[in-house]
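I have placed the structure first, in the form of structure tokens, so that the comments after it can refer back to it.
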Amino acid sequence: MTLVYQDEDIVVVEKPSGFLSVPGRGPEKIDSVSHRIRTTIPGCIDQPSVHRLDMDTSGLMVLALTTEAHRHLSRQFQDRLTDKHYLALLEGELAGEEGEINLPFRLDVENRPHQIYDDVHGKMGTTHWKKIGIENGLTRIAFHPITGRTHQLRVHSAHEKGLGIPIVGDPLYGNGINPGEMKLHATELTFTHPTTAERLTFKSPPPF
């Protein structure tokens, strides 16, 4: 984990793939971005996390150090006042150039944490995408999610009603085997600073 920015109210970090955003169940899964920030920055609140990335997604996260910052940032994510961009590699060659995916899905309660397509009970997820290029049979793609659903980009990539090509290394919807293999990176994050009201943008190049 790399610290990108820190002040009295917030921190921005780069999370590596294969590392938890928040503690999982059990003492062996306590090590995470949230836990490290809470235990290394004096005065940090007990729950600094305001959003999360999947364990196998790498890239930018913002965390709150104070109660007021946590309330402010959480509201921004809830009300879609933040802006997030991702880069990924897909396991194949995508024919189209750009578009929008609107796909309803929900948790598969019998196979957690998988998300499944459901046009009756699912909640709609919306993602803009743009192909960057083909590299050795793989597609480099930029994602701009409008909604922030669990596993949204992974489902929208893999499902036949989405792009129909899973993200490289995805252990749930693709052919990934080991943690830390998935090629999905949160490359740009924009939000409003909870104290100064300044609009901040952070960028992080993908490690692939």
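Restricting to segment 99-131, name every residue that is of a type in the set (D, E, K, R), in contact with a Lys or Arg (Cβ under 9 Å, 6 or more places away or on another chain) and closer than 17 Å to Ile165 by Cβ.
The one that is of a type in the set (D, E, K, R), in contact with a Lys or Arg (Cβ under 9 Å, 6 or more places away or on another chain) and closer than 17 Å to Ile165 by Cβ: Lys131.
State the number of residues belonging to segment 21-47 that are within 18 Å of Thr67 (Cβ to Cβ), in contact with a helix residue (DSSP H, G or I) (Cβ under 8 Å, 6 or more places away or on another chain) and not aliphatic (A, V, I, L, M).
3
In segment 162-208, which residues are within 18 Å of the chain's Cα centre (by Cα) and of a type in the set (Val, Ile, Thr)?
Scanning segment 162-208 gives Ile167, Val168, Thr187, Thr190, Thr201.
Residue check, Leu94 against (1) farther than 30 Å from Arg140 by Cβ; (2) touching a residue at least 40 places away in the same chain (Cβ under 8 Å), all met but one. Which one?
(1)
Among the residues of segment 28-48, how many are of a type in the set (Lys, Arg) and in contact (Cβ under 8 Å) with a residue 12 or more places away in the chain?
The qualifying residues number 1.
Taking the conditions exactly as written (farther than 24 Å from Glu181 by Cα, part of a loop (DSSP other than H, G, I, E, B) and touching a strand residue (DSSP E or B) at 6+ places or on another chain (Cβ under 9 Å)), does Gly96 satisfy them or not?
yes
Just checking, which of Thr195, Thr150 is touching an Asp or Glu at 6+ places or on another chain (Cβ under 7 Å) and among the hydroxyl-bearing types (Ser, Thr, Tyr)?
From the options Thr195, Thr150, the qualifying one is Thr195.
Look at Ile134 and say whether it is among the β-branched types (Val, Ile, Thr), in contact with a Lys or Arg (Cβ under 7 Å, 6 or more places away or on another chain), surrounded by fewer than 20 Cβ atoms within 10 Å (Cβ to Cβ) and not assigned by TED's automatic domain parsing to the domain that holds Met55.
For Ile134, the condition - among the β-branched types (Val, Ile, Thr), in contact with a Lys or Arg (Cβ under 7 Å, 6 or more places away or on another chain), surrounded by fewer than 20 Cβ atoms within 10 Å (Cβ to Cβ) and not assigned by TED's automatic domain parsing to the domain that holds Met55 - is not met.
Spot the failing condition for Tyr86; the list is (1) in contact with a Pro (Cβ under 9 Å, 6 or more places away or on another chain); (2) of a type in the set (Ser, Thr, Tyr); (3) not in a strand (DSSP E or B), and only one is missed.
(3)
Conditions (1) farther than 23 Å from Gly125 by Cα; (2) crowded, with 20+ Cβ neighbours inside 10 Å; (3) at pLDDT below 95; (4) of a type in the set (Asp, Glu), marked per residue:
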residue	(1), (2), (3), (4)
Asp9	yes, no, no, yes
Gly26	yes, no, yes, no
Ser34	yes, yes, no, no
Ile37	yes, yes, no, no
Leu53	no, yes, no, no
Thr57	no, yes, no, no
Val62	no, yes, no, no
His72	yes, yes, no, no
Phe77	no, no, no, no
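Among the residues of segment 4-52, count how many are under 17 Å from Phe191 (Cβ atoms), among the hydrophobic types (A, V, I, L, M, F, W, C) and either more than 15 Å from the chain's Cα centre (by Cα) or assigned to a loop (DSSP other than H, G, I, E, B) (or both).
5
The values are calculated or read from the model by the stated rules, or taken from the named source; none is laboratory data. The structure displayed is predicted, hence computed values, not measured ones. Neighbour counts run over all protein chains shown; Cβ positions are idealised from the backbone, glycine included.
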